[in-house]
Amino acid sequence: MDRQQEFVLRTIEERDVRFVRLWFTDVVGSLKSVALSPAEVEGAFGEGLGFDGSSIEGLSRVFESDMLLKPDPSSFQILPWRGEEEPTSRMFCDVLTPDQEPAAGDPRWVLRRQLEAAGEMGFTCYTHPEIEFYLFESEELDADGLPRPADRAGYFDHITGSVAQDLRRQTVSMLEAVGISVEFTHNEVGPGQNEIDLRYADALTTADNIMTFRTIVKEVALQHNKFASFMPKPFSEHPGSAMHTHFSLFEGDTNALYSPNAEYNLSTTARQFISGVLTHAPEFTAVTNQFVNSYKRLWGGGEAPSHVSWGHNNRSALIRVPLYKPTKGGSARIEFRGIDSAANPYLAYAMVLGAGLKGIRDEYDLGDAITEDVWSLTTAERKALGIKPLPGTLHDAIRQMEDSELVAEVLGEQVFSNFLRNKQQEWDEYRVNVSPWEINRYLGTI
Ligand code: GLN
Ligand code: MG
Ligand code: MG
Ligand code: MG
């Protein structure tokens with residue numbers, strides 16, 4: 001047993017922890033949890049905890065259903081919303097096969113593999129997510145069949161006595177209680193829409209943090225009799241919920257994306273990374289924007305990117321290079337604006353990183369930054385500038401992903417085919433569904 005494992009066992013005893021939850025994630029990014037009694041934890045650290053992997057979406061094939069959960073002791077935390085009495089704790093897990101090999105279907109492993117690939121090239125990858133979500137009165141809809149936002153506030157609005165403010169404050173303290181630092185919180189543009197930005201961390205920790213974040217936001221909302229949702233686009237007429245993520249690559253203590261005298265302070269490595277991400281973005285959009293509803297955000301305005309471009313201070317761009325105050329040692333990072341708040345963070349980050357690393361490895365050239373607002377250009381103007389669209393629907397995204405060698409390589413064959421199967425099913429259900437919009441539009445007029 002190593003020292004971190006010993007520390008966990010000691011804490012469980014000292015704090016009289018009653019339950020230890022083992023957390024992991026399925027292929028679409030739903031959090032899975034199994035509660036262990038403290039006496040079982042030592043065994044789980046040893047050979048792992050056995051479970052039936054075939055009941056988890058996309059994890060394993062039926063003929064190899066036995067799987068093991070191996071808790072990561074560095075992620076041990078007491079869950080603050082469960083109260084001080086009979087404390088409950090959690091650890092994130094890696095999923096293993098019965099012969100102790102990483103399970104090919106485990107999203108955490110998919111990301112680990114990309115981080116290892118980055119490591120072999122000498123890079124550590126840090127990420128900083130800006131997570132948007134909506135707060136509703138409840139899950140129940142109003143008379144028009146629309147969700148009921150918890151407030152009418154807009155961007156950066158300060159409202160006295162606002163429940164969102166209390167909620168965000170409580171969310172931040174809970175996040176901090178489980179070791180997740182928050183940089184920024186504010187009301188977003190839509191009614192009831194909020195944003196919380198987490199402090200940067202290595203990409204695996206960030207993905208774990210996002211899973212914890214979603215749980216905490218939902219728990220806190222419920223405690224206030226509200227309802228939080230990470231649905232990409234709950235209202236046609238209001239902006240969707242993005243999960244912009246800033247990526248940086250470090251070689252030791254040096255920011256590998258920074259170059260003092262270059263345009264926007266971007267090093268050659270940074271330009272190649274951006275080019276890799278842009279070149280492959282249409283192929284991996286099914287992963288960063290995985291639901292039918294995700295495409296209503298991408299194509300519904302509200303500052304969401306619908307085309308492949310990069311820019312310096314251009315909010316219509318898929319990649320934005322933020323302006324920085326000069327800092328000691330130099331700083332540069334890349335904001336990828338495509339991901340929505342309902343993505344599986346492990347798979348989404350593995351894809352962006354995998355595409356960027358490919359750009360570096362194969363020394364991709366980067367085209368010019370776009371200074372125009374991409375939305376206001378005509379199709380012909382976009383064509384002339386070489387600006388391609390992102391997929392328009394989940395169907396389109398699936399078709400582009402199917403043909404992608406890069407996505408198959410980054411996800412691994414098993415996740416690749418499970419993911420595509422899951423998404424094709426979703427599309428097939430959607431395309432035969434007659435929506436209220438159609439009834440409204442056609443019934444009385446045809
Ligand atoms: N909500 C917008 C989106 O869906 C982003 C808004 C912003 O933070 N600039 O992309
Ligand atoms: Mg923001
Ligand atoms: Mg925002
Ligand atoms: Mg942003």
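General observations
- The chain: most fluctuating residue of T288, T371, T124 per GNM, C-alpha cutoff 10 Å: T371
- More than 23 angstrom apart: percent of Cα pairs within the stretch 369-446: 51 percent
- Cα shape, the stretch 308-446, gyration tensor, a/c 1.5 rule: oblate
- CD proxy at 222 nm, helix term only [per DSSP H run n ≥ 4: -39500 (n - 2.57); per residue of the chain; nearest 500]: -11000 deg cm²/dmol
- For the stretch 282-296, backbone phi angles converted through the Karplus equation (6.51, -1.76, 1.60; θ = phi - 60°) give residue-by-residue couplings of x, 6, 9, 4, 4, 7, 7, 9, 9, 10, 3, 5, 4, 7, 6 Hz, Gly and Pro being listed as x.
- For the chain, the alpha carbon convex hull comes to 171 Å³ per residue, rounded to a whole number.
- Computed on the chain, with alpha-carbon pairs under 8 angstrom and 6+ residues apart, the relative contact order is 15 percent.
- Across the stretch 39-145, the relative contact order, built from alpha-carbon pairs under 8 Å that are at least six residues apart, equals 18 percent.
- Sites excluded, chymotrypsin sites (Phe, Trp or Tyr not before Pro) in DSSP loops with at most 14 other C-beta within 10 Å, longest stretch of the chain: 157-323
- Between the stretch 167-245 and the stretch 83-104, the Cα center-to-center distance that results, in Å: 23 Å
- Gain in span if fully extended, S138 to Q100, counting 0.36 nm per residue against the direct Cα distance: 9.3 nm
- Treating r as the C-beta distance of W427 and T371 and R0 as 60 Å, the FRET efficiency rounds to 0.95.
- Rounded, prolate or oblate (a/c below 1.5 giving rounded, otherwise prolate when a/b exceeds b/c) for the stretch 298-385 by Cα gyration tensor: rounded
- Of the trypsin sites (Lys or Arg not before Pro) in the stretch 238-322, the ones in a loop by DSSP (not H, G, I, E or B) with at most 15 other beta carbons within 10 Å are R315.
- Multiplying the residue separation of V189 and T11 by 0.36 nm and removing their Cα-Cα distance gives an extension gain of 59.8 nm.
- In this structure, the residue pairs whose Cα-Cα separation is over 23 Å, taken from K358/K423; K233/K423; K226/K296; K32/K70, are K358/K423; K226/K296.
- FRET efficiency, N261 to N225 (Cβ-Cβ, R0 56 Å, nearest 0.05): 0.50
Rule-based calculations on the coordinates, nothing more; no lab input. Treat the numbers as computed from the prediction; the structure is a model and nothing was measured. Please note: Cβ atoms are built from the backbone with ideal geometry, for glycine as well, and neighbour counts cover all protein chains shown.
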